[in-house]
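The values are calculated or read from the model by the stated rules, or taken from the named source; none is laboratory data. Only a predicted model underlies this, so the values are computations on that prediction, with no experimental measurement involved. Neighbour counts are summed over all protein chains in view; Cβ atoms, including those assigned to glycine, are modelled from backbone coordinates with ideal geometry. Side chains included, ligands, DNA and RNA excluded: accessible areas come from the protein's heavy atoms. Shrake-Rupley method; radii C 1.70, N 1.55, O 1.52, S 1.80 Å.
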Amino acid sequence: MPHLFAFGLGFSALALAGRLKAKGWAVSGTCRSSEKADRLRAEGFDAVVFDPANGVSPDAGILDGVSHVLSSIAPDDEGDPVLRDFADALGDQASIRWAGYLSTTGVYGDSGGAWVDESSPTEPSLARARRRVTAENAWLDLQRDNGLPVHVFRLAGIYGPGRSALDAVRAGRARRIDRPGHLFGRIHVDDIAAVLEASIDSPAPGEIYNVSDDEPAAPADVTTFACELLGVEPPPLISFEEAAATMSPMGRTFWEDNRKVSNRRIREELGVELAYPTYREGLQAIHAQE
């Protein structure tokens, strides 16, 4: 029986885990609290606590017999926490047939609104994106040096049920910010799972994939569409300068880079047809499910 072990059984990893479990796979992984571990076990996933910030790390034996590994845990100031504790075990585990690392399209930095693809240079402008580049390279080093079949997935902005513009509108947090020419890529969580599943079926160790939808879009347009679905008036359009005055420092960083991300490789090399090629299909589906 194939066995997926996910470092970080969170939003994206669980989307894949649910698909594989339905196909008869064993699925296990980590989370950061015993309370969440209990909830995951109740859902049929074997969960262990891994909390590097507090020095909680399970024994490397949790990888024994695992056939597939996925990591969605972000690096910290000291590097990738998974590789700090498990690099040797991952490199020595001959049973692993596929490994995936979830990164971010933020590694490309600011292209001035131009298209980027997997061959584009990684020139991140943000510290957290620079940490991602370092983590990507560390995972790929395991592939080159130890033969671990690593694949890197650079994700655009993730959304899905419970985490979308619809929720922001309902909560009164949505704003329509006018910054002409500034576009963002997005990806529905189910399409992330589809890309990962396609890679598992057609492994290409050392490969990097952009995981983004077909249409980079202005956040104001997404908010307007969410309001239309909910039958409410959209919030007023405000300038970026006005909005930035009340943004948190973290919030402002999301507007520092402007790029359009090509998803050609997942379509041509993995044969993926996105279920939600734009935010419109994605939000419509979430609204219909609700």
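Numbers for the structure displayed
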{"item": "Residue match in segment 125-137 (condition: of a type outside the set (A, V, I, L, M, F, W, C), over 25 Å from H68 (Cα atoms) and either in contact with a Cys (Cβ under 7 Å, 6 or more places away or on another chain) or open to solvent by 70 Å² or more (accessible area, probe 1.4 Å) (or both))", "result": "yes"}
{"item": "Any hit, segment 106-122, residues being open to solvent by less than 40 Å² (accessible area, probe 1.4 Å) and free of Cβ contacts under 8 Å to residues at least 60 places away in the same chain", "result": "yes"}
{"item": "Residue pairs meeting the criteria (Cβ under 6 Å; at least 6 apart or on separate chains; first within 12 Å of G10 (Cα to Cα), in segment 30-53; second of a type in the set (V, I, T) and surrounded by fewer than 20 Cβ atoms within 10 Å (Cβ to Cβ))", "result": "T30/V48; A37/V49"}
{"item": "Test: I187 is surrounded by 13 or more Cβ atoms within 10 Å (Cβ to Cβ) and farther than 19 Å from W115 by Cβ", "result": "no"}
{"item": "Subset tally (residues that are within 17 Å of D46 (Cβ to Cβ) and surrounded by fewer than 14 Cβ atoms within 10 Å (Cβ to Cβ)) for segment 72-97", "result": "1"}
{"item": "Selection from segment 139-180 of residues that are among the small types (G, A, S) and either closer than 25 Å to R259 by Cα or in contact with a strand residue (DSSP E or B) (Cβ under 7 Å, 6 or more places away or on another chain) (or both)", "result": "A156, G157, G160, S164, A165, A168, A174"}
{"item": "Selected residue [open to solvent by 40 Å² or more (accessible area, probe 1.4 Å) and out of contact with any Phe, Trp or Tyr (no Cβ under 6 Å at 6 or more places or on another chain)] from R154, R176", "result": "R176"}
{"item": "Extreme residue, most open to solvent (accessible area, probe 1.4 Å), among residues of segment 32-71 that are of a type outside the set (A, V, I, L, M) and closer than 22 Å to P205 by Cβ", "result": "D64"}
{"item": "Matching option when the condition is touching a His at 6+ places or on another chain (Cβ under 8 Å) and either more than 28 Å from R84 (Cβ to Cβ) or not aromatic (F, W, Y) (or both), among P205, P149, P180, P121", "result": "P205"}
{"item": "Criterion violated by T134 - all others in (1) in contact (Cβ under 8 Å) with a residue 24 or more places away in the chain; (2) outside any loop (DSSP other than H, G, I, E, B); (3) under 27 Å from A204 (Cβ atoms); (4) over 19 Å from the mean Cα position of the chain (by Cα) satisfied", "result": "(4)"}
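For (1) of a type outside the set (G, A, S); (2) in a helix (DSSP H, G or I); (3) within 21 Å of the chain's Cα centre (by Cα); (4) modelled with pLDDT under 95, each residue gets a yes or a no:
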{"position": "V82", "(1), (2), (3), (4)": "yes, yes, yes, no"}
{"position": "L102", "(1), (2), (3), (4)": "yes, no, yes, no"}
{"position": "V107", "(1), (2), (3), (4)": "yes, yes, yes, no"}
{"position": "S120", "(1), (2), (3), (4)": "no, no, yes, no"}
{"position": "R130", "(1), (2), (3), (4)": "yes, yes, yes, no"}
{"position": "V152", "(1), (2), (3), (4)": "yes, no, yes, no"}
{"position": "V169", "(1), (2), (3), (4)": "yes, yes, no, no"}
{"position": "G181", "(1), (2), (3), (4)": "no, no, no, yes"}
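Every residue, every condition in (1) open to solvent by 20 Å² or more (accessible area, probe 1.4 Å); (2) part of a helix (DSSP H, G or I); (3) closer than 22 Å to E118 by Cβ, yes or no:
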site	(1), (2), (3)
R252	yes, yes, no
R265	yes, yes, yes
G271	yes, no, yes
P277	yes, no, yes
G282	no, yes, no
